[in-house]
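Worksheet: the structure to be examined is printed underneath.
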Amino acid sequence: MSIIKSHHRLKRDALGLPQIVASTLANIAPAMSFFFGFGLIVSGAGVAAPLTILVAMVVILFLTNTLAEFSKYRPSTGSFVTFIGMAFGPIAGAAASVFVVFGYLVAASSVVVISGGWAHDTLKLFLGIDIPWQLLSLIATGIVGLLVSRGVALSTTWAAVFFYFELVLLLVGALVMLFVNRSSLTLAPFEWSHLSGGLKGIGLGFPIAIYLFIGWENSATLAEETRDARRNIPRALIIGTLSIGILYMFLAYATEIAFHNNAVAIGKSDIPFVDAFKASAAAFLIIAYLAGMTSIFSSLLGLTNSQARILFSSGREGLLPRFFGKIHPRHRTPFVAMWSFVLVAFAIVIVFGWNSKPVDLFGETGSLGTIPVIITYLTTNLALPVYMLRYHRDEFNPLKHAIIPIVGTVLMLFPLWGLVEPGQPAPYNLFPWVALAVLIISVIYGVILERRDPDLVNKIGSYVADEEF
């Protein structure tokens with residue numbers, strides 16, 4: 001058995017803590033997320049929008065605790081699917097494999113479409129070159145597919161390079177805005193009195209603030225290729241969440257200072273950071289656009305590396321068609337799952353967004369894809385106490401394994417409600433029903449698969465990251 005399984009293992013010890021932290025931060029894509037999300041947060045929270053980001057970071061840390069605890073006991077490439085399946089059984093695991101992969105694929109298509117859209121706008125604005133965004137999205141998809149399939153160390157290194165370049169550009173842009181507008185420096189963005197409507201103001205911007213952190217879970221799926229995964233995965237989860245939260249609050253502060261704390265003007269801006277930088281130092285506007293390009297590309301690299309591994313793990317364990325579980329004989333990468341993931345994401349863009357504006361399709365696919373992802377977060381939170389009581393009862397800690405996950409679940413209901421509440425404009429009003437339909441199909445699939453394969457319960461989570469042969 002061990003000889004057979006050894007041929008289905010990814011490359012061991014290929015990544016260290018710095019690499020998986022960088023991959024996580026690249027997946028989150030702070031420039032892309034902040035550019036398109038901050039104006040909406042300000043519209044709800046007002047001048048004290050950074051406080052909404054702070055609250056979102058704390059809530060994500062509740063989720064981080066859940067994934068960190070799971071990773072200490074059962075580090076697995078399957079991540080959410082493994083944890084849910086081991087806690088609630090094979091039907092839940094099989095259903096989760098379909099549901100979360102659907103969510104990730106749709107969310108990934110938002111990055112694919114904006115990669116072409118942002119590159120198109122950048123080339124046209126600064127070079128006068130007008131290349132169709134669809135072609136640019138295809139080029140980005142192809143490059144990402146080649147990089148991720150040729151080795152996790154190679155693709156993670158490139159994701160890190162693009163991320164840190166993006167980070168430097170963002171910090172330079174923020175510092176320039178603060179220097180130019182130094183006469184307007186104030187602590188108002190961090191004062192409760194400037195929060196529109198108090199707690200209600202936080203609630204209005206909270207769903208978008210949570211969306212800024214999507215990708216925080218990236219490192220968990222890299223467990224099989226990470227050195228000392230039981231130690232480094234939890235550390236990467238915490239470091240990544242804290243780092244990105246602090247960065248967002250700094251960028252938010254700089255943007256508001258550049259707008260002289262005019263919440264109305266920020267709310268009306270499509271991309272507040274870019275408009276603020278343009279007003280502060282128009283000659284260096286290229287910095288903001290380059291930050292956006294590197295952010296989007298590094299995100300596409302990071303999410304394909306991470307999220308495609310759930311597809312791979314589900315195929316390897318028999319939850320999804322087994323060809324997704326194939327590994328490249330030379331590079332030891334899940335190349336079939338990776339190419340399938342990124343090409344399907346591109347196909348979603350072409351089929352549903354050929355005549356759409358990239359920014360519109362970005363918002364639509366991002367919103368639809370986030371619904372299954374958040375539901376998966378909630379389910380994983382509830383799975384932690386069940387898992388601990390079933391497999392590690394003697395190590396059960398009421399605070400870490402019950403109270404924190406339950407509180408995190410309750411808090412995550414707020415952004416979920418923001419995505420599914422009635423009365424939203426089309427097509428957003430249809431997305432909750434689409435997610436519900438996919439969930440029902442996923443459960444039916446799980447029931448059928450469990451009946452066809454009675455041994456499925458023993459296959460879920462059978463590949464532990466640091467298992468020795």
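Under a Cβ-only charge scheme (Lys and Arg +1, Asp and Glu -1), can you give me the dipole magnitude of segment 412-469 about the Cα centre, in debye to the nearest 20?
Dipole about the Cα centre, nearest 20: 380 debye.
Multiplying the sequence separation of Ile129 and Arg150 by 0.36 nm and subtracting their Cα-Cα distance, what value in nm do you get?
Taking Ile129 through Arg150 to full extension adds about 4.4 nm, to one decimal.
Return one number: the angle in degrees, 0 to 90 and rounded to the nearest 10, between the long axis of the Cα atoms of helix 404-420 and the longest principal axis of the Cα atoms of the chain.
60 degrees
If you take the Cα atoms of segment 70-133, find Rg, then find the Kirkwood Rh from the mean of 1/r over all pairs, what is Rg/Rh?
Radius of gyration over Kirkwood radius for segment 70-133 works out to 1.34.
Would you please put 207-215, 372-380 in order of how densely packed they are, using the mean number of other Cβ atoms within 10 angstrom per residue and starting with the highest?
Top of the packing list down: 207-215, 372-380.
Packing-wise, with mean Cβ within 10 Å as the measure, how do 32-41, 12-21, 235-244, 396-405 rank, highest first?
Those peptides, ordered most packed to least, come out 32-41, 235-244, 12-21, 396-405.
Can you give the charge dipole size of segment 2-459 about its Cα centre, rounded to the nearest 20 debye, using +1 on the beta carbon of Lys and Arg and -1 on the beta carbon of Asp and Glu?
1260 debye
Quick one: Debye curve from the C-alpha atoms of segment 300-381, no solvent, what's log10 I(q)/I(0) at q = 0.11, 0.12, 0.13 Å⁻¹?
Summing over Cα pairs of segment 300-381 leads to -0.37, -0.44, -0.51.
At a Förster radius of 35 Å, what calculated FRET efficiency corresponds to the Cβ-Cβ distance of Asp228 and Ile444, to the nearest 0.05?
Step by step, r from the Cβ atoms, then E = 0.30.
What FRET efficiency comes out for Ala282 versus Ser243 if R0 is 25 angstrom and r is the Cβ-Cβ distance? Round to the nearest 0.05.
0.25
Name the residue from Ser71, Ala119, Leu416 whose Cα lies farthest towards the positive end of the charge dipole of the chain, charges +1 on Cβ of Lys and Arg and -1 on Cβ of Asp and Glu.
Looking along the dipole axis, the top candidate is Ser71.
Report D for the chain in µm² per second (integer): Stokes-Einstein, Kirkwood Rh on Cα pairs, 37 °C, 0.692 mPa s.
Answer, rounded: 147 µm²/s.
Would you mind checking the tilt of helix 286-316 against the longest principal axis of the Cα atoms of the chain, expressed as 0 to 90 degrees and rounded to 10?
10 degrees
Enter the angle in degrees (range 0 to 90, nearest 10) between the Cα long axis of helix 229-258 and the first principal axis of the Cα atoms of the chain, meaning the one along which they spread out most.
Tilt relative to the chain: about 20 degrees.
Post the alpha-carbon centroid distance, segment 397-462 to segment 146-172, in whole angstrom.
31 Å
Sorted by average packing, counted as other Cβ atoms within 10 angstrom per residue and highest first, what order do 417-426, 105-114, 85-94 take?
105-114, 85-94, 417-426
Can you tell me how much longer the chain between Val410 and Ala265 gets when fully stretched, taken as 0.36 nm per residue apart minus their C-alpha distance, in nm with one decimal?
48.9 nm
Please work out the C-alpha center-to-center distance from segment 180-244 to segment 61-90 and express it in whole Å.
Value for the Cα centre distance between the two parts: 21 Å.
Add -39500 (n - 2.57) for each DSSP H run of 4 or more in the chain, then divide by its residues: what number comes out at 222 nm, to the nearest 500 deg cm²/dmol?
Result for the chain: -24500 deg cm²/dmol, rounded to the nearest 500.
Since every read-out is calculated from the coordinates, none of them should be taken as a lab result. The structure displayed is predicted, hence computed values, not measured ones. Ideal geometry is used to build each Cβ from the backbone, glycine not excepted, and the neighbour counts take in all protein chains shown.
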